[in-house]
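Below is one structure, written out as C-alpha cells, with a few remarks after it.
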Amino acid sequence: MLGCIIQYFYTSFLRFWLKWFLRQLTGKCELQRVCAGYRPGAERTTRAEYSLESSKSKVLRASVTAEEGAVEDYVKKIIKEKNVKEEKDATFKKNLSICLLQITGYKNLYECAEELRKEVFDCEKEEHENMVLKLWDLLMPSTKLESRVTKQWGDIGFQGDDPKTDFRGMGMLGLTNLVFFSENYTEASRQVLSHANHPKLGYSYAIVGINLTEMAYSLLKSGALKPHFYNCVEGRPQMEHFHQLYCYLAYEFDKFWIQEEPESIMEFNLYREKFHEKVKRLLLDQDVSLILNVDS
C-alpha cells in the first residue's frame, strides 16, 4: 500500500519537478538525456518508451502508436514540442527515430502475430495444405506420406491422423513457426525430432512445438520480449524476428528436456513451466539476446 502511495506521489508530482530541475541544470529534456546517457538497445529504448508514455504531451503519448510511415513526422513534432536545438544535439534525431521504430514496431509485431494466431487452418486452402505437407517433407525426407490423413503424422508428434485438429489453439501461427524452424534450421530441427522420438526421453515434437508457440506468443503479448527485440533489432521487429525467437525456444527446450531427464511425458507441464520461468528470468536482463546458436 505504501509503495503504491509513493509511486502515485512520484508520477503525479515529484517526477514533473525533477524533470524541470534537470532541464534547467543540463539544458536538455528528458528524452535527450535518455538518448545520450544510455546504451543503444533495451536500456535506452525502454526508458524512452516510459518517458513518452508518461508525458503530459498528447504528441509524445501518441508517438508510441505511430504507423511506420509516420515515425519521422512524430520525431519532428517531438523536437519542436520539446524545443530541442538539433545543432547542439546532432545525434538526438537519429537515436529517437530508432527508439520509436522499435517501440511502434513491437506493438505492430504483436498485432501481426495475433492476426496469424486467429487464422484457422483450412484444409480447403491450398496454401495451408502445402505448408503442412512441406513440414512433413522437411522433417521426413526419406519417408513418403501414405495419404493426407494417416497415422504417420504421429511420427512427427501430432496427436491424430489429421494435423489440422492440433492447430486450433495457435492457428496458423503454430504451423508457420514449425515450418520456419524446419526450413531455416533443417538439420537442427531433424536433430530435435530425433530426440523427441527417443524411447525413454521422447515427447510429441509437433504438439510441444505448438506449446512453445503459445509460450512465445504470451511473452510477446505481455511485453516481456521487449528487451530481446530492442537489443537484437535496430528498427521495427518483423514476423521473421518472432519466428527466429521461436526457433531459439524450440532448440533450447529440447536441450533443457534432455538435461532434466523427466520420468515421463506426463511431467511435460511441470517442465514446460520450469523452462518458461527460466526464459522469463533471462528476459529480466536488460542485455538479453535470445539468439539461436546451433551446437556443432
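Here are the numbers:
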| read-out | value |
| --- | --- |
| Cα→Cβ-extended label distance, 7 Å offset, between Thr186 and Tyr50, nm | 4.7 nm |
| Shape of the range 149-296, Cα gyration tensor, a/c cut at 1.5 | prolate |
| Relative contact order, percent, the range 20-151 [alpha-carbon distance under 8 Å, six or more residues apart] | 20 percent |
| Cα-based helix-to-principal-axis angle, 92-118 vs the chain, degrees rounded to 10 | 30 degrees |
| Over the chain: helical MRE at 222 nm, DSSP H runs n ≥ 4 each giving -39500 (n - 2.57), nearest 500 | -20000 deg cm²/dmol |
| Mean separation of Cα contacts under 8 Å, 6 or more apart, over the residue count of the chain: relative contact order % | 18 percent |
| Lys134 paired with Glu260, simple spin-label distance in nm, labels 7 Å along Cα-to-beta-carbon | 3.2 nm |
| Label corresponding to semi-axes √(5λ) of the Cα gyration tensor in Å when calculated from the structure given, among (i) 35, 22, 18; (ii) 38, 27, 17; (iii) 45, 21, 16 | (iii) |
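Values in this text are rule-based calculations from the coordinates and carry no lab data. This structure is a prediction, so every number in the text was calculated from the model and none was measured. Cβ: placed from backbone, ideal geometry, glycine included. Neighbour counts: every protein chain shown.
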